[in-house]
């Protein structure tokens, strides 16, 4: 349990560091570290297929594409223009932000908090994690374990689920990743300067 909380703490640290960094290469490296920690968490939760996807896509392909994008752009974030909410040297300190500007900043935060509260409320009726009496363990899991080899002809039932029962879903995920890679390569492709 301590390991899971340590990894969760490291996730928050990596996310905060990636958002706060002005050096974009450092931010990409922090996002890669975030994906690697998520890979460890998925592995600890016995979701090895998700862990492999996270490692390949999150830590692998996304990191390579972001580094390629940095090769075509600058490696440092430019300073933002002075905001009406934050007094600067050019702005008088006694100037207060307008109520419209405060509402514009508060609405996204309120939307995120409301969505998070609804998601937490929705999980209150769920059965405990890995409870033996949960519907997934009573009906679905036992069917996959006993019937997957005879129905699909694949001995490993995790592979049978991914290729047989979730074949269209897995194919859809592969198409999405392929389309994203092709789109990124088209955007980042070498072309003449205009």
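Points to keep in mind about this one:
- A full extension of the chain between residue 75 and residue 110 corresponds to an added length of 9.3 nm, given 0.36 nm per residue minus the alpha carbon distance.
- Net lengthening on full extension, residue 117/residue 2 (0.36 nm per residue, minus Cα-Cα): 38.8 nm
- Global geometry of segment 1-78, whether rounded, prolate or oblate, following the gyration tensor of its Cα atoms and the 1.5 cut on a/c: oblate
- Taking 136, 56, 16 as the candidate residues, the one with maximal mean-square fluctuation in a Gaussian network model of the chain, Cα springs under 10 Å, is 136.
- Theoretical FRET efficiency, 1/(1+(r/R0)^6), r = Cβ-Cβ of residue 177 and residue 98, R0 35 Å, to 0.05: 0.20
- Placing a label point 7 Å from the Cα of residue 130 along the Cα-to-Cβ line, no residue of segment 149-179 has its backbone N under 11 Å from it.
- Within the chain, helix-based [θ] at 222 nm, where runs of 4 or more DSSP H residues each add -39,500 (n - 2.57), nearest 500: -20000 deg cm²/dmol
- Against the set (i) 0.96; (ii) 1.64; (iii) 1.42, the structure's computed Cα Rg over 2.2 N^0.38 Å falls on (iii).
- Relative contact order of the chain, defined on C-alpha pairs under 8 angstrom at six or more residues apart (%): 13
- Based on C-alpha pairs under 8 angstrom that are at least 6 apart in sequence, segment 109-194 has a relative contact order of 10 percent.
Every read-out reported here was derived from the displayed coordinates using simple, explicitly stated rules and does not represent laboratory data. The model shown is predicted, which means the values in this text are computed figures rather than measured ones. Because the Cβ atoms are built from the backbone with ideal geometry, glycine has one as well, and the counts that use them run over all protein chains shown.
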